Amino acid sequence: MKSTGIVRKVDELGRIVLPIELRRNLDIMERDALEIYVDGESIVLCKHESACIFCGDTKNVVGYRGKNVCQNCIRDLKKQ
C-alpha cells in the first residue's frame, strides 16, 4: 500500500472527508458507492461498480479480472 501523506480526523458522526485530489484521481463522484474492506489493521475503500464497464447494464453482470461485464457484452466480445 502506498501512503498519500494525507491525514484526516474522524468527526463526531464517524465521518471523514476524502480530499478532492484523491476523488478526481480515482474517479469518485458525489453519491458513488464505496465498498469497505478490512485487511488486518487497515481499512480499504474501493469504488463499487456493479454495472457492466462497457454498456452500463446492471442485469446478468459477472466479474472478470476485477471488472464487471454483462453477458451481452461477453457474447459480443467473443464474436470479434
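Structure data summary
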| read-out | value |
| --- | --- |
| Subset of the range 67-80 that is open to solvent by 80 Å² or more (accessible area, probe 1.4 Å) and not in a helix (DSSP H, G or I) - its residue that is nearest to SER50 (Cα to Cα) | LYS67 |
| Residues located in the range 11-47, provided they are of a type in the set (Lys, Arg) and either in contact (Cβ under 8 Å) with a residue 24 or more places away in the chain or open to solvent by less than 100 Å² (accessible area, probe 1.4 Å) (or both) | ARG23, LYS47 |
| Scope the range 23-63; condition of a type in the set (A, V, I, L, M, F, W, C), assigned to a loop (DSSP other than H, G, I, E, B) and over 19 Å from THR4 (Cα atoms); matching residues | MET29, ALA33, ALA51, CYS52, ILE53, PHE54, CYS55 |
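The values are calculated or read from the model by the stated rules, or taken from the named source; none is laboratory data. What you see is a predicted model, and the numbers here were worked out from it, not measured in a lab. Cβ sites come from the backbone with ideal geometry, for glycine too, and all protein chains shown count toward neighbours. Quick note on the areas: whole protein, heavy atoms, side chains included, nothing else; ligands and nucleic acids left out. Shrake-Rupley method; radii C 1.70, N 1.55, O 1.52, S 1.80 Å.
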